[in-house]
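**Student:** I'd like to ask you about the structure that follows.
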Amino acid sequence: MKFVQPIRDPVKLTSIQKYLRNQNHRNYILFQIGINTGFRISDILPIKVADVKGTHITIREQKTGKEKKVLIRKTLRKDLDAYISGKSDDEYLFPSRNKKGSRKPHPISRSMAYKIVRDAAAEFGLTEIGTHSMRKTFGHNFYTKKRDIVLLMDLFNHTEEKVTLRYVGILQDTLDDALEDVEL
């Protein structure tokens, strides 16, 4: 399994958002939910329209079985309202266009989500990016702004600070900064 990185550069993050917004609204919303909630891709894909109509998105994490509730902030709310307008409550937020036989509606696959994120990142020269990068980007941004490792650990269901700092790329950033001044 390949280790992916968060998107650290705010300019590139904004560029990816604009790129996806212009490319495909569904893909843009997928990315927005990923970077604004910190949910795993396995928890994002099955979200339905009804799940995003309130003030929070509530999911049951597939990995842990725990319930997670995240506030929908203003920008995401505005994006979601425009996206779900005219959609029925039982529709998947990220419907697959792939109609294999007479299969009932289903969300896009993890591999399709990976392709969406990977292709968008490649447009801006980013490597080591995958669907998990959205979750890590959320965590990196959260920690950079709030500096509250305990709260971030709780959001991610981690038990050790070091694990969380490594996970969101802060430990590597700190090591890189420290080594910058130790050249012989």
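**Student:** Go through (1) surrounded by 15 or more Cβ atoms within 10 Å (Cβ to Cβ); (2) small (G, A, S); (3) without any contact (Cβ under 8 Å) to a residue 12 or more places away in the chain and name the single condition S96 misses.
**Tutor:** Among (1) surrounded by 15 or more Cβ atoms within 10 Å (Cβ to Cβ); (2) small (G, A, S); (3) without any contact (Cβ under 8 Å) to a residue 12 or more places away in the chain, S96 violates only (3).
**Student:** For the condition of a type outside the set (D, E), free of Cβ contacts under 8 Å to residues at least 60 places away in the same chain and surrounded by 10 or more Cβ atoms within 10 Å (Cβ to Cβ), what is the one hit in K48, K63, K104?
**Tutor:** Of K48, K63, K104, the one residue that is of a type outside the set (D, E), free of Cβ contacts under 8 Å to residues at least 60 places away in the same chain and surrounded by 10 or more Cβ atoms within 10 Å (Cβ to Cβ) is K48.
Residue-wise test of (1) touching a Pro at 6+ places or on another chain (Cβ under 9 Å); (2) under 19 Å from R8 (Cα atoms); (3) at pLDDT below 95.
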site: D51; (1), (2), (3): no, no, no
site: K68; (1), (2), (3): no, no, yes
site: D81; (1), (2), (3): no, no, no
site: I84; (1), (2), (3): no, no, no
site: S111; (1), (2), (3): no, no, no
site: A122; (1), (2), (3): no, yes, no
site: D154; (1), (2), (3): no, no, yes
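**Student:** What is the residue count in the stretch 156-177 for residues that are open to solvent by less than 60 Å² (accessible area, probe 1.4 Å) and either assigned to a helix (DSSP H, G or I) or in contact with a Pro (Cβ under 7 Å, 6 or more places away or on another chain) (or both)?
**Tutor:** Number satisfying all stated conditions: 10.
**Student:** Considering only residues that are assigned to a loop (DSSP other than H, G, I, E, B) and either open to solvent by 80 Å² or more (accessible area, probe 1.4 Å) or aliphatic (A, V, I, L, M) (or both), which ones fall in the stretch 107-127?
**Tutor:** Selection gives I108, E123, L126, T127.
**Student:** So which residues in the stretch 86-95 are assigned to a loop (DSSP other than H, G, I, E, B) and under 17 Å from I33 (Cα atoms), if there are any at all?
**Tutor:** E91, L93, F94
Per-residue answers, yes or no, for (1) part of a helix (DSSP H, G or I); (2) in contact with a Cys (Cβ under 7 Å, 6 or more places away or on another chain); (3) hydroxyl-bearing (S, T, Y); (4) closer than 22 Å to K145 by Cα:
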residue	(1), (2), (3), (4)
Y28	yes, no, yes, no
I35	yes, no, no, yes
D43	yes, no, no, no
P46	no, no, no, no
T58	no, no, yes, no
K63	no, no, no, no
V70	no, no, no, yes
D79	yes, no, no, no
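The values are calculated or read from the model by the stated rules, or taken from the named source; none is laboratory data. This structure is a prediction, so every number in the text was calculated from the model and none was measured. Cβ atoms come from the backbone with ideal geometry, glycine included; neighbour counts cover every protein chain shown. When the accessible area is computed, the model is the full protein with side chains, heavy atoms only, and any ligands, DNA or RNA have been set aside. Shrake-Rupley method; radii C 1.70, N 1.55, O 1.52, S 1.80 Å.
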